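Shown next, in structure tokens, is the structure this report addresses.
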Amino acid sequence: MVDVRPPLLYLVHRIPFPPNKGDKVRSFNILRQLAQGHRVFLGTFVDQPEDHAHVGRLSEWCEEVHAVPLHPRLARLASLRGLLTGEALSVPYYRHADLARWVRDTVRRNGIRQAVAFSGPMAQYLDLPGLDRRLIDFCDLDSAKWTAYADDHRWPMSWLYRREGRRLLDFERRMAAGASASLFVTEAEAALFRQLAGGAASPVEVMQNGVDAEFFAPRETYERPYPTGEEVIVFTGAMDYWPNIDAVSWFAHELLPAIRRMRPRARFWVVGMNPAPTVLALAGNDVSVTGGVPDIRPYLAHADVVVAPLRIARGIQNKVLEAMAMARPVVTTQACATGLTVMDDECEIAHGGEDVVSRILSLLDDREASLAMGRAARDRVLADYSWQAHLAKLDRMLEACTRAGQG
């Protein structure tokens, strides 16, 4: 039987399987959505040795997969060319001759006219004849993230991060100007880019994150991974990511002691892959660091409170949506809740460190209120944060691009 679905090029900066961290959750769900209506040709980097074993699984959704090994240390060295060329370092970090050659050959050989780039740096591969419909999923405004990093570091890193913010914004503007549309996770990110890009950008749209509420569902069958008697405060996320490192360090050093003075049985659990040395050093009498775990759901299901104390955050955090889907009470900072539409009884959004402490103590003190918040949080996810509802916009945008190209 002839497959009449049109071909589509999908470029991702990190292999979108397994969906076990924030960016991979979004890129994987986009892949599944694209595969419903297109023959997907996927070009991606693999930056973790253990992920090479998952390349074969992608054939379930893709007609062709080209996975290029990316060695982070070598890529960091290659990115330094940007200091000589005037580029943002993020761009040469993801520049690879083999991937560029595959993209050119694949587009020409298969007559591909539609392409989706996931993350800004992957848009550098889209300047090709014949690719007349190009969507860029920037997710977050990374240039603003690097600028924010500069405020939390001393020279020379502050200078380097500030430079990266400026040069990456220039790149983002150029890529958006040549795209059919640019996507961001929240209206706040999209509005900021519209402001910074001036009139140079193509249409800037919002496509929010979602959560698989069937997978992240509260059940009685999860075995408790924590010692009996502990009051568990848990943070989940990739622990080699600077905003997560900063969040757990701040919480452990500055906020946890005040909580334990009132609740001596409280313990902070940091659950996530690739913990940086700074994170590992937190482990002790009142903090546990697990590293990667086979399944995050038992750690959420048996948590008394899920905390997301990020001070640097962009977009809607998957960690918050997953905890809400699991019917757990969540305490988060304002920075981490940007773009999240919730009522006061569905999620605790704290204003500063003392407020984080106060809200956690209140939830630990009132079990019924805690359970009620978890139930309300799951109801909100079911109503407003399904992947299917958000990703339907992607199909509409590609259809609109197709109609425009035929007009």
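For the reader, a short list of remarks on this structure follows.
- Of all the criteria given as (1) surrounded by fewer than 17 Cβ atoms within 10 Å (Cβ to Cβ); (2) under 20 Å from the mean Cα position of the chain (by Cα), the one not satisfied by LEU84 is (2).
- Residues that are in contact (Cβ under 8 Å) with a residue 40 or more places away in the chain and surrounded by fewer than 24 Cβ atoms within 10 Å (Cβ to Cβ), drawn from region 123-133: GLN124, TYR125, LEU126, ASP127, LEU131, ASP132, ARG133
- Flag for ARG359 being buried (at least 19 other Cβ atoms within 10 Å of the Cβ) and either over 21 Å from ARG263 (Cα atoms) or not assigned by TED's automatic domain parsing to the domain that holds ALA303 (or both): no
- Lone unmet requirement of (1) surrounded by fewer than 22 Cβ atoms within 10 Å (Cβ to Cβ); (2) not in a strand (DSSP E or B) for VAL289: (2)
- Residues that are of a type in the set (A, V, I, L, M) and without any contact (Cβ under 8 Å) to a residue 60 or more places away in the chain, drawn from region 360-391: LEU363, ALA369, LEU371, ALA372, MET373, ALA376, ALA377, ALA383
- Residues of region 25-54 satisfying the condition of being surrounded by fewer than 23 Cβ atoms within 10 Å (Cβ to Cβ) and either small (Gly, Ala, Ser) or farther than 25 Å from ARG113 by Cα (or both): VAL25, ALA35, GLY37, VAL46, ASP47, GLN48, PRO49, GLU50, ASP51, HIS52, ALA53, HIS54
- Subset of region 9-21 (residues that are touching a residue at least 40 places away in the same chain (Cβ under 8 Å) and either out of contact with any Lys or Arg (no Cβ under 7 Å at 6 or more places or on another chain) or in the same structural domain as ASN274 (by TED's automatic domain parsing) (or both)): LEU9, TYR10, LEU11, VAL12, HIS13, ILE15, ASN20, LYS21
- Selection within region 349-393 - more than 17 Å from ARG267 (Cα to Cα) and β-branched (Val, Ile, Thr): ILE349, VAL381
- Per the conditions (1) surrounded by 13 or more Cβ atoms within 10 Å (Cβ to Cβ); (2) in contact (Cβ under 8 Å) with a residue 40 or more places away in the chain, the sole criterion not satisfied by ARG95 is (2).
- Region 147-168 residues that are closer than 15 Å to SER90 by Cα, paired with ones that are loosely packed, with under 12 Cβ neighbours inside 10 Å and not hydrophobic (A, V, I, L, M, F, W, C) (beta carbon under 8 Å, 6 or more apart): ARG167/GLY86
- If you filter region 177-220 down to residues that are within 27 Å of VAL289 (Cβ to Cβ) and modelled with pLDDT of 90 or more, you find that the one that is nearest to the chain's Cα centre (by Cα) is ASN209.
- Test: residue in region 245-255 that is closer than 23 Å to ILE360 by Cα and either of a type in the set (Ser, Thr, Tyr) or at pLDDT below 95 (or both): yes
- Meets criteria (in contact with a Phe, Trp or Tyr (Cβ under 9 Å, 6 or more places away or on another chain) and modelled with pLDDT of 95 or more) for TRP269: yes
Residue by residue, here is whether (1) within 21 Å of the chain's Cα centre (by Cα); (2) of a type outside the set (Ser, Thr, Tyr); (3) modelled with pLDDT of 95 or more holds:
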{"position": "VAL12", "(1), (2), (3)": "yes, yes, yes"}
{"position": "LYS21", "(1), (2), (3)": "yes, yes, no"}
{"position": "ARG39", "(1), (2), (3)": "no, yes, yes"}
{"position": "THR44", "(1), (2), (3)": "yes, no, yes"}
{"position": "SER59", "(1), (2), (3)": "no, no, yes"}
{"position": "CYS62", "(1), (2), (3)": "no, yes, yes"}
{"position": "HIS66", "(1), (2), (3)": "no, yes, yes"}
{"position": "TYR93", "(1), (2), (3)": "yes, no, yes"}
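- Per the listing SER182, SER202, the residue uniquely assigned to a loop (DSSP other than H, G, I, E, B), crowded, with 17+ Cβ neighbours inside 10 Å and either assigned by TED's automatic domain parsing to the domain that holds ARG396 or not hydroxyl-bearing (Ser, Thr, Tyr) (or both) is SER202.
- Within region 303-334, the set of residues being under 26 Å from LEU192 (Cα atoms), part of a loop (DSSP other than H, G, I, E, B) and aliphatic (A, V, I, L, M) comprises LEU310, ILE312, ALA313, ILE316.
- Looking at VAL279, VAL234, VAL305, VAL293, just one residue is in contact (Cβ under 8 Å) with a residue 12 or more places away in the chain, farther than 30 Å from ALA191 by Cα and in contact with a Leu (Cβ under 6 Å, 6 or more places away or on another chain), and that residue is VAL305.
- Looking across region 299-347, just one residue is buried (at least 24 other Cβ atoms within 10 Å of the Cβ), touching an Asp or Glu at 6+ places or on another chain (Cβ under 6 Å) and at pLDDT below 95, and that is ARG314.
- Screening LEU300 on (1) touching a Cys at 6+ places or on another chain (Cβ under 7 Å); (2) more than 23 Å from THR186 (Cα to Cα) shows it passes everything except condition (1).
The values are calculated or read from the model by the stated rules, or taken from the named source; none is laboratory data. Remember, it's a predicted structure, so these values are computed and weren't measured experimentally. Ideal geometry is used to build each Cβ from the backbone, glycine not excepted, and the neighbour counts take in all protein chains shown.
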